[in-house]
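Scroll down for the structure; my scribbles are underneath it.
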Amino acid sequence: MQLTPHARTLLKKIYAAYAGQPFEEGEEEQFRPVNLCRAELRLAMSELRQSGLLAALGKMWGEKLYYIPEDKLPVLQSFYFDYTPSYIDTSDIHVHMEEGQSLASELFRALLFVAQEGLPITAKGSIHKKNISRLASKLTLQEKHLRGLAVRWPYPEIYPMTAAFIIDLMLCMGLLNRGDNAYTLNVEFLEQWLNLTELQMSNHLFQIVMHRYGSSEPSSQHFRYLIMRPEIALKEWVSVEGLLDWMESSMLVSPVQCAGLSSSSLSWLEFMAGCGWCQVGTNQEGESCFRWLKLKLRVGEFDPAPTALTSPSDLFIVQSDFEVLVPPEVPYSVRWSLATCAELLTIDSMWSYRLTREQLVSANEQGVPPQDVLSWLDSCTMGGLPLEVKQVLEQWGRDIGRTLFTEALLLSCRDAEDADLIAAHPRLQGLLFRLGPLHISVPKEYEEYVRKELTAAGMAPPSIVEGRDSVKLAAIPQLYRKREEQADIYTLPPTNLEQGLIPINTPLLYLQQVPLEAEGLLLPGLESVPSMWSKEWHSYHSSTAQKIMEQALSWGIKVRISLEEQIYEFIPSRVLGNPWRIAGYLLPNTEEGSGEERELPAGSWNEMQLLIPRATTIPPSVRAPGYVMINESTIKVDQHYT
């Protein structure tokens, strides 16, 4: 990490105190060592901004909020805080929270539910209670897994917590859209998502839950990134109390915070277990512990792009009793297509479906004829479909589509006289079917033509068709999609946090980023200050010496002075009057010496020189009337001043 010592020290203190949470401009002053002047602190902050390790947001009236970008948090923890895990004997562990099904498979169930059964919205804006309850019943995730999440669920009297969580997840991932009357699937994003490997899905999901559902408290953030550390081996039990003790000894958490953190960290681990990533248990002494399973997750890491869907891993097993067994390597896109003609039964290491006549009828209604389904099943089944299964599917296919309802419009007339005129219209003969004294049937394909003729005859019907346009739900996308080419790879939509069910209240979403060009060391009125004050080592009249000291105090910089036959650096802190004195911190003139607080009366020092600190890089120039920005190219660490 190429930073000056001042910037490294400051960054460590900011990270420990705030993690990824924003802090007000000026709060960094609490981390300034006594031997560092205010200007050097500003330059250290500017250096962190230039390096991308610190970002800034603009508030009203020009104030700023600073924060460490969240993707930098795991790197900083590993850089500043060495950690060596200690493991617990496996024989002593009682598992009280087993790992659940993978969050990727839970999301699959929810997406399939939306496609097949829908999520209609009531006039009050909530999802129909029957549908939301049905969705919750499909999930294996339980409320005990979510009890400790730092979020507020909407409609708690209607929405089960698990259903609210999975809907929020789908919304913020861009997989679900909210319409006027229902939530519908975003087909483009869905296809991209289904073409990911399960490892890629898990890494995306882990990143989302880390950033969205965890507590914003810095100590909780430190804990979440600590348990992700690569030093913790897969399938090894780690003591939660041991982790908290390490955090306290590393000054990432105070002793007062530890009690509350113990409860919240255990709740977070139970959530991780519910998502299928870990187990939680206790040892013989009753201490809580956990271990990672299956995947070792790290934020921002993804496996290579998945192979094409023509690979041998696309094949599944169809048994003679119509059960379909799907091996773990089969892509999710194939599993989604299989749901067209088969009912999803169980999700485990090997998924189980069952071919049914009802699903075949459903596929046909969505525009996928039985012969296409049969052909696809035969090509994706190891060794081809069993003969007896193929024969039954062919028989079902022959029975499907023998009769068909055709949609027509009912034209209602105000009186029989109007109905007679319409039925006798010379240009509408053969298109209309009289159903009674006041009603006429109009085939849907002739709707626009009949509307045009009725308008010309002075009997124009309203543009809205009663019973059709009043409740217009978005069409359910087809489940079965035969693709010739690989779909685009899914990427998480940027700034999508505010699009979920859960209200997100953070300034990081609503404030504008401060451009990097606005950072640097601004010295007001530098052009009016004599250049010799900073360029020459010189003795001055007492009144001039006072002005130089006051200028250093105004700019927040150091002064080199000759005092008591020694040369020191002095950091002015305040001016005292009657008689005039300058208070500040006198730095040692040797590495072994220690600094001290001093009050210096006028005339107590001889030669002096303003020390204007150098910046470590040259950002783009920013100038304003009466201000000059001091910037230099990169310099060695031991060259601090111009």
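For the set GLU191, GLU448, solvent exposure ranked by accessible area (probe 1.4 Å, protein chains only) runs largest to smallest as GLU448, GLU191. Separation of region 86-137 and region 198-243, taken as the distance between their Cα centroids, equals 20 angstrom.
Size descriptors for region 15-171: radius of gyration and Dmax over Cα atoms are 23.4, 68 Å. Summary of the geometry: region 377-395 and region 532-547, compared by the centres of their Cα atoms, lie 97 Å apart. Between region 255-287 and region 1-59, the C-alpha centres lie 32 angstrom from each other. A dipole drawn for region 183-242 from +1 and -1 charges on Cβ atoms has a positive end, and of ASN186, SER239, MET210 the residue lying farthest that way is SER239. Taking every protein chain into account, the 1.4 Å probe leaves ASP314 with about 10 Å² of accessible area, to the nearest ten. With all protein chains in place and a 1.4 Å probe, the accessible surface of region 1-119 carries 51 percent carbon and sulfur.
Packing order of peptides 417-426, 160-169, highest average first: 160-169, 417-426 (average count of other Cβ atoms within 10 Å over each peptide's residues).
Filter the cross-link list LYS72/LYS124; LYS59/LYS547; LYS59/LYS558; LYS130/LYS294; LYS124/LYS144; LYS59/LYS124 down to pairs whose alpha-carbon distance in this structure exceeds 32 Å. In this structure, LYS72/LYS124; LYS59/LYS547; LYS130/LYS294; LYS59/LYS124 lie more than 32 Å apart at Cα. Per residue, the accessible area of region 398-456 comes to 73 Å², computed with a 1.4 Å probe over protein heavy atoms only.
Give a quick list of chymotrypsin sites (Phe, Trp or Tyr not before Pro) in region 330-431 that DSSP marks as loop, anything other than H, G, I, E or B, with at most 15 other Cβ atoms within 10 Å.
Values: sites: TYR332, TRP336, TRP351, TYR353, TRP376, TRP396, PHE405; in loops: PHE405.
Filter output for region 330-431: PHE405.
With all pairs of separate Cα atoms included, region 134-236 yields a Kirkwood hydrodynamic radius of 15.9 Å.
Computed over protein heavy atoms with a 1.4 Å probe, the accessible surface of region 1-112 works out to 43 Å² per residue.
The values are calculated or read from the model by the stated rules, or taken from the named source; none is laboratory data. Every value quoted in this text rests on a predicted model; they were computed, and no experiment measured them. A quick note on method: Cβ atoms are made from the backbone with ideal geometry, for glycine too, and the neighbour counts reach across all protein chains shown. The protein model used for the area step is the full one, side chains on, heavy atoms only, and it has no ligands, DNA or RNA in it. Shrake-Rupley method; radii C 1.70, N 1.55, O 1.52, S 1.80 Å.
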